[in-house]
Amino acid sequence: MSNARAARESATIYMSDVPSIRVAGIHKSFGPLEVLRGVSFDVPRGSVVSVIGASGSGKSTLLRCVNYLEPPNAGEIYIEGEPLGARIDARGNRKARSLTEINAMRRELGVVFQQFNLWPHMTVLGNVIEAPIRVRKMPRKDAIAYAEECLRRVRMIEKANEYPARLSGGQQQRAAIARALAMRPKAMLFDEATSSLDPELTDEVLGVMRELATDGTTMIVVTHEMSFAREVSDRVIFLHQGVIEEEGPPGEIFGAPKSDRLRQFLSKYRR
Amino acid sequence: MSDALKQSLDLSIFLEYRAILLQGLIFNALVFLGAAALALSVGLCAALMRINRHRPMRLIGTIHVELFRNAPDYIMLVWVHFVLPLLIGIVIRRRVEFHPFASAVIALGLVYSGYFAEAFRAGIQAIPQGNLDAGRAFGMSERLILRRITLPQVVRRMLPEALNLFVSMFKATTIVSLIAVPDLMYNVSMVIQQEMRPLPLYTGAALTYFLLIFLLSVGVRHFSERWRRKIMA
């Protein structure tokens, strides 16, 4: 067992029965193209689930469905037992949530994008405090104090007053991680967070992600970094053509893949 | 140089009347400010309609832009001042008259709202989708995203073009004398009728506009550029 995993298990004292995130039967189509065809899995609190698969397998769409950036056509996402897209009233009827309610729910999930998506007209600190102040209604002073803590965590505190345009990709991505952390999310979603980085910048971002995992952060990580997935995840999901082809603990997935497709996919990374 | 030429080129007469001429210039500035406020707010609304996901809204936005962008300033001015009150009067069955100043603001504001709408639209559409996704992912409402993420970037992006539009708009304020708004040109014409010396007076007016617009736009460009550049990679 990896160090990160062992440390996390000892750090997670309280484990509730309700999973942090439950993905239940998600379907998503874009016109005639069926991208997700019924995907279900649980992310227990404090655990790391990695999603691997070829380009076009639906990994990123899955993550965008988890926080309703793409509302699923069928199925539901539960955040600590609460359905994200609908409310169940006292009589057990399902009622679709308004956009305002969905907004309130999805701020519980911190998202880190492949393209960083920092707001270019704000400094690093400005990016990190924006949502806590405007959405969480945190007093500015508290927001700044916590933002600085988050920036220290990703080792970006010295760059707090720089604009994104003056930072390297790795620095931008670490700032984006701090921005997501500052909302005190219940879970973090990483959408190929290192895919648009030069190899020498990948490690600094993976290092930060590894530390978050060690600290017991609940995470869904869509990634092409197989060694990272193997080392850090509690569970690995292999997505193929919009369905889960195989899933299991990293030892099994990488050590003893059962399906031909997974074997084929993994062989490309062993070269 | 003949005395007649010397006298006609002597711009000191322009200075003699500086009080009344300055008063006129203040009217230009007021028309400009009013029309600018109208053009920016109506322009933003029209731009948001043009990129709305509902087709009828988009259509209204497009009609607005094409109608006002393609209407000559002068014709709009005359139409708003003389025709629009008549039409309103027929509808509400009462005699309506627009104050020349109000007509000037409305006409110029509408014409330039068409141009500003296009500048806003181009600016809004140039913002990467990911910027908006990030806002949504953190639970920001669409209105908050517009105010905090989209518009601050749009303003920086469209600034050079907006500056050009403001210059054209200020120059366009000179035609309001045609509906008897007592602006600089109007007052110059009044003085010319008295003094019979059009050459120095018109030249003085031209120089005044040139210097004012030139200095203002150079100044604004200078101060805005550094601020704007910060966000560009």
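What follows is calculated from the coordinates using simple rules that are stated; it is not laboratory data. It should be emphasised that the depicted structure is a prediction, and the values quoted were computed from it without experimental measurement. Note that each Cβ is placed from the backbone with ideal geometry, even for glycine, and that neighbours are counted across all protein chains shown.
Distance between the 7 Å Cα→Cβ label points at A:VAL18 and B:HIS99: 6.2 nm.
Take each residue in A:106-118, count the other chain C-beta atoms within 10 Å of its C-beta, and the mean is 4.
Against chain B, whose longest principal axis comes from its Cα atoms, helix B:151-172 is set at around 20 degrees. What is the angle, in °, between the Cα long axis of helix B:55-69 and the longest principal axis of the Cα atoms in chain B? Nearest 10 is fine, range 0 to 90. Compared with the principal axis, the helix lies near 20 degrees.
Computed from the alpha carbon atoms alone, the convex hull of the range A:36-192 holds 137 Å³ per residue. Packing here is the average count of other Cβ atoms within 10 Å per residue, and on that basis the peptides B:19-25, B:126-132, B:179-185, highest first, run B:179-185, B:19-25, B:126-132. Ranked by how many other Cβ atoms sit within 10 Å of their own Cβ, fewest first, the residues A:TYR78, B:TYR115 fall in the order A:TYR78, B:TYR115. Per residue of A:25-38, other chain Cβ atoms within 10 Å of the residue Cβ number 0 on average.
The range B:147-215 and the range B:26-55 have Cα centres lying 18 Å from one another. Estimated from helical segments only, the mean residue ellipticity of chain A at 222 nm is -11500 deg cm²/dmol, where each DSSP H run of four or more residues counts as -39500 (n - 2.57). Within the shell of other residues whose beta carbon sits under 11 angstrom from the beta carbon of A:GLU192, the net charge comes to -1, with Lys and Arg scored +1 and Asp and Glu -1. Legend: mean number of C-beta atoms from other chains within 10 angstrom of residue C-beta atoms, peptide A:120-132, equals 4. Sorted largest first, the principal axis extents computed over the alpha-carbon atoms of the range A:70-158 equal 52, 29, 23 Å.
Counted over chain A, the DSSP beta bridges are approximately 60% antiparallel.
Once Rg and the Kirkwood radius are both taken over the C-alpha atoms of the range B:76-151, their ratio Rg/Rh works out to 1.28. To the nearest ten degrees, helix B:198-229 and the longest principal axis of the Cα atoms of chain B are 20 degrees apart. Dividing the convex hull volume of the alpha-carbon atoms in the protein assembly as shown by its residue count gives 229 Å³ per residue. Per residue, the convex hull spanned by the alpha carbons of the range B:16-120 comes to 113 Å³. Can you work out D for the range B:77-220 in µm² s⁻¹ from Stokes-Einstein, where Rh is the Kirkwood radius over C-alpha pairs, the temperature is 37 °C and the viscosity is 0.692 mPa s? For the chosen part, D equals 176 µm²/s. How many percent of all Cα-Cα pairs in chain A sit more than 23 Å apart? When every Cα pair of chain A is considered, 54 percent fall beyond 23 Å. Counting only DSSP beta bridges with both residues in the protein assembly as shown, what percent are antiparallel, rounded to the nearest 5? So the antiparallel bridges amount to about 60 percent of the total. Across the range B:1-52, Cα-Cα pairs more than 16 Å apart make up 65 percent of the total.
Given a Förster distance of 51 Å, report the FRET efficiency between B:ILE213 and A:THR100 from their Cβ-Cβ distance, rounded to the nearest 0.05. Once rounded, the FRET efficiency stands at 0.65.
Residue exposure proxy: A:LYS137, B:LYS171, ordered by other Cβ atoms within 10 angstrom of their Cβ from fewest to most, comes out as A:LYS137, B:LYS171. Here's how it looks for A:GLU162: its modeled amide H is under 5 Å from those of A:VAL124, A:LEU125, which are all 5 or more places away or on a different chain. Computed about the Cα centre, the dipole magnitude for the protein assembly as shown is approximately 700 debye when only Lys and Arg (+1) and Asp and Glu (-1) carry charge, each at its Cβ.
Here the simple spin-label model places points 7 Å from the Cα toward Cβ, and for B:LEU86 and B:SER2 these points are separated by 4.7 nm.
Which residue fluctuates most in the GNM of chain B (Cα springs below 10 Å): B:PHE223, B:PHE32, B:PHE138? So, out of B:PHE223, B:PHE32, B:PHE138, the one fluctuating most is B:PHE138. Which of the aspartates and glutamates could be linked to A:LYS268 by a straight reach, that is with a Cα gap under 16 Å, when you skip same-chain ones fewer than 8 residues away? Qualifying aspartates and glutamates at Cα under 16 Å: A:GLU225, A:ASP260. Take the convex hull of the alpha carbons in the range A:154-271; its mean projected area over all directions comes to 8.4 nm².
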